[in-house]
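J.: Take a look at this one; I'll ask things after.
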Amino acid sequence: MSARAPRGTRDILPTEGRLREWVIDIARERFAAYAYAPIVTPTFEETEVFARGVGPSTDIVRKEMYTFEDLSGRSLTLRPEGTAPVARAFVEHGMHKLPLPVKLWYLAPMFRYEAPQAGRYREHWQFGAEVLGSEDPLVDAEAIALLADIYARLGVPGIRLRVSSMDDPESRDEYRARLLAYLKPFAGELPQEARERMAENPMRLFDAKHPGVQAIMASAPKLLSSLSPAAREHHGRVLAALDMLDIPYEEDPTLVRGLDYYTRTVFEFTCDRLGAQSGIGGGGRYDRLVETLGGPPTPGIGFGAGIDRICLALEETDRAPEAGIDLYLAVPDADLRARLVPLLADLRARGLRVESDLRGRGLKAMLRHADFLGARRVAIVGPRDFAAGLATVRDMATGHQEEVPLQGLADRLAGVVA
Ligand code: HAM
């Protein structure tokens, strides 16, 4: 056994943990403002949910899933993404009968067997949103605006938004045939991996890093310039709404998202502080997914945002929440410490963040401990103070000290800190 987390996974230690909690608090508060309700789905699903939902030509389904058989021989898969499970739950619980659209948000770990590197993990966390049951382009704009709003409130630096359309499946098939016809004469020049991608999904070649492939794709026909009239109108309305909301974006005809379920609107936010793994959140419309999973025809749109990457982007900013505690109760006497347990509980019941010594330290060591914990104040209660019904309260920033009656200590501190 090695005392290391499995390859591609990581421990989130307290400094990042605090930042991460703050990120999630802001996201949660914004989801509430946009009238989303929370949903929690299982960490694993029947493999079919992803095989059918995410799509057989995707990297996720072809080579990244953590699939296993349980003891009764069922094929199960650890959730690689959040949309297919939410659509599965929508169908299972007949949510199409609810007033539509149904707006759901989630916070969950995702599992993908990818090559680990900075910002790319085999277990990562996302918060995400799914809106089911409306085709209105304003829903697309609202979902994009919500994610932009969250990044803005978090102060994530260097954010860019790219938007495109994947058209409806029927017209996309026509486009795909044209793209293949364009690519055929170049097939001999393409590296092996690109040829495989071409067979699976030629649009993925827009994502290629290989300069030769990039050059070929630069002159390839673009789906965005041949959208069906309905998809074109939809796209125009989404962009018009983004303009109204003053959300800056770039239209990018080469934007391909790595999931098969997308129809019409797709979008991706990148962060220029993140290096190669710059995708910090993305999503799009999936008007056929619910049907694919056995439900009634129901349009949908949503996004997922990578919390690990948001934290990475925020690490170099001063956006981290304040660490530390409000009070360190220093009681350098074992008997007295036991008698002051109710006072500690009272202080905590008032919402103050309070710590006390739990190791029998002497007063000096307690003060060092208080400093390590980032205590704003230390209340010292020695046997003589206690007899006099007093505590000495020291402000750790200014060094200012005063005697405070023990009886009123909780009231007084709750007032000062509030
Ligand atoms: P996705 O683009 O695959 O979309 O993932 C969403 C976000 O999760 C990415 O933008 C990125 O920030 C983060 N992410 C993805 N893979 C990793 C990884 N290996 N390590 C760290 N972070 C990662 C989806 O998953 C769709 N379900 C989004 C969606 C919802 N579309 C419609 N509704």
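J.: For the range 36-60, give me each residue that is touching a Gly at 6+ places or on another chain (Cβ under 8 Å) and either outside any helix (DSSP H, G or I) or without any contact (Cβ under 8 Å) to a residue 40 or more places away in the chain (or both).
T.: Passing the criteria: THR41, THR58.
J.: State whether one or more residues within the range 327-334 are touching a strand residue (DSSP E or B) at 6+ places or on another chain (Cβ under 9 Å) and of a type in the set (D, E, K, R).
T.: For the range 327-334, residues touching a strand residue (DSSP E or B) at 6+ places or on another chain (Cβ under 9 Å) and of a type in the set (D, E, K, R): absent.
J.: In addition: Could you tell me whether the range 307-326 includes any residue that is within 30 Å of GLY128 (Cα to Cα), within 14 Å of the ligand (Cβ to nearest atom) and part of a loop (DSSP other than H, G, I, E, B)?
T.: No - not one qualifying residue is present in the range 307-326.
J.: Here's a check for you: in the range 120-141, which residue that is out of contact with any Ser or Thr (no Cβ under 6 Å at 6 or more places or on another chain) and of a type in the set (Gly, Ala, Ser) is farthest from GLY281 (Cα to Cα)?
T.: SER134
J.: Filter the range 256-288 down to the residues that are hydrophobic (A, V, I, L, M, F, W, C) and out of contact with any strand residue (DSSP E or B) (no Cβ under 6 Å at 6 or more places or on another chain) and list them by number.
T.: VAL256, LEU259, LEU274, ALA276
J.: Between a first residue in the range 249-264 that is of a type in the set (A, V, I, L, M, F, W, C) and a second residue that is assigned to a loop (DSSP other than H, G, I, E, B) and within 16 Å of the ligand (Cβ to nearest atom), which pairs have beta carbons less than 6 Å apart while being 6 or more apart in sequence or on different chains?
T.: Listed pairs, sorted by first residue: LEU259/VAL54; LEU259/THR58.
For every residue, the table says whether it meets (1) within 18 Å of the chain's Cα centre (by Cα); (2) within 9 Å of the ligand (Cβ to nearest atom); (3) charged (D, E, K, R); (4) buried (at least 19 other Cβ atoms within 10 Å of the Cβ).
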| site | (1), (2), (3), (4) |
| --- | --- |
| ARG112 | yes, yes, yes, yes |
| ALA118 | yes, no, no, no |
| GLY128 | yes, yes, no, yes |
| LEU132 | no, no, no, yes |
| ALA141 | no, no, no, yes |
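J.: Let me ask something else. Show the residue pairs that are 6+ apart or on different chains and have beta-carbon atoms under 8 Å apart, the first residue being within the range 144-158 and closer than 13 Å to ILE247 by Cβ, the second being assigned to a loop (DSSP other than H, G, I, E, B).
T.: ILE144/ILE247; ILE144/TYR249; ALA145/LEU245; ALA145/ILE247; LEU146/TYR34; ALA148/ILE247
J.: Does ALA89 satisfy the criteria of being surrounded by 16 or more Cβ atoms within 10 Å (Cβ to Cβ), at pLDDT 95 or above and part of a helix (DSSP H, G or I)?
T.: yes
J.: Would you please name the residue that is nearest to the ligand (Cβ to nearest atom), looking only at residues in the range 262-301 that are among the charged types (D, E, K, R) and out of contact with any Asp or Glu (no Cβ under 9 Å at 6 or more places or on another chain)?
T.: Here the residue is ASP272.
Residue-wise test of (1) touching a Phe, Trp or Tyr at 6+ places or on another chain (Cβ under 8 Å); (2) of a type outside the set (D, E, K, R).
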site	(1), (2)
ILE325	no, yes
ALA338	no, yes
ALA379	yes, yes
PHE386	no, yes
ASP395	no, no
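J.: While we're on this one: Please go through the range 190-244 and give me each residue that is assigned to a helix (DSSP H, G or I), surrounded by 14 or more Cβ atoms within 10 Å (Cβ to Cβ) and of a type in the set (Gly, Ala, Ser), ordered by number.
T.: ALA194, SER226, ALA231, ALA241 - these are the residues of the range 190-244 that are assigned to a helix (DSSP H, G or I), surrounded by 14 or more Cβ atoms within 10 Å (Cβ to Cβ) and of a type in the set (Gly, Ala, Ser).
Results for (1) more than 19 Å from ALA84 (Cα to Cα); (2) surrounded by fewer than 18 Cβ atoms within 10 Å (Cβ to Cβ), shown as yes or no for each residue.
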{"site": "ASP272", "(1), (2)": "yes, yes"}
{"site": "GLU291", "(1), (2)": "no, yes"}
{"site": "GLY295", "(1), (2)": "no, no"}
{"site": "PHE303", "(1), (2)": "no, no"}
{"site": "LEU312", "(1), (2)": "yes, no"}
{"site": "ASP346", "(1), (2)": "yes, yes"}
{"site": "ARG350", "(1), (2)": "yes, yes"}
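J.: Additional query: Pairs needed: first member in the range 333-357, touching a residue at least 40 places away in the same chain (Cβ under 8 Å); second member anywhere, surrounded by 12 or more Cβ atoms within 10 Å (Cβ to Cβ) and hydroxyl-bearing (Ser, Thr, Tyr); C-beta distance under 9 Å; at least 6 residues apart or different chains.
T.: LEU340/SER356
J.: Right, another one. Filter the range 374-402 for residues that are of a type in the set (D, E, K, R) and either within 37 Å of the chain's Cα centre (by Cα) or surrounded by 12 or more Cβ atoms within 10 Å (Cβ to Cβ) (or both) and give the result.
T.: ARG376, ARG377, ASP385, ARG394, ASP395
J.: Further, regarding this structure: For a quick check of your reading of the model, give me the residue pairs whose first member lies in the range 1-18 and is closer than 25 Å to LEU314 by Cα, whose second is loosely packed, with under 10 Cβ neighbours inside 10 Å and not hydroxyl-bearing (Ser, Thr, Tyr), with beta-carbon atoms closer than 9 Å and at least 6 apart or on different chains.
T.: ALA5/ASP11; GLY8/ALA115; ARG18/GLU322
The values are calculated or read from the model by the stated rules, or taken from the named source; none is laboratory data. Everything quoted here is computed from the prediction, not taken from an experiment. A quick note on method: Cβ atoms are made from the backbone with ideal geometry, for glycine too, and the neighbour counts reach across all protein chains shown.
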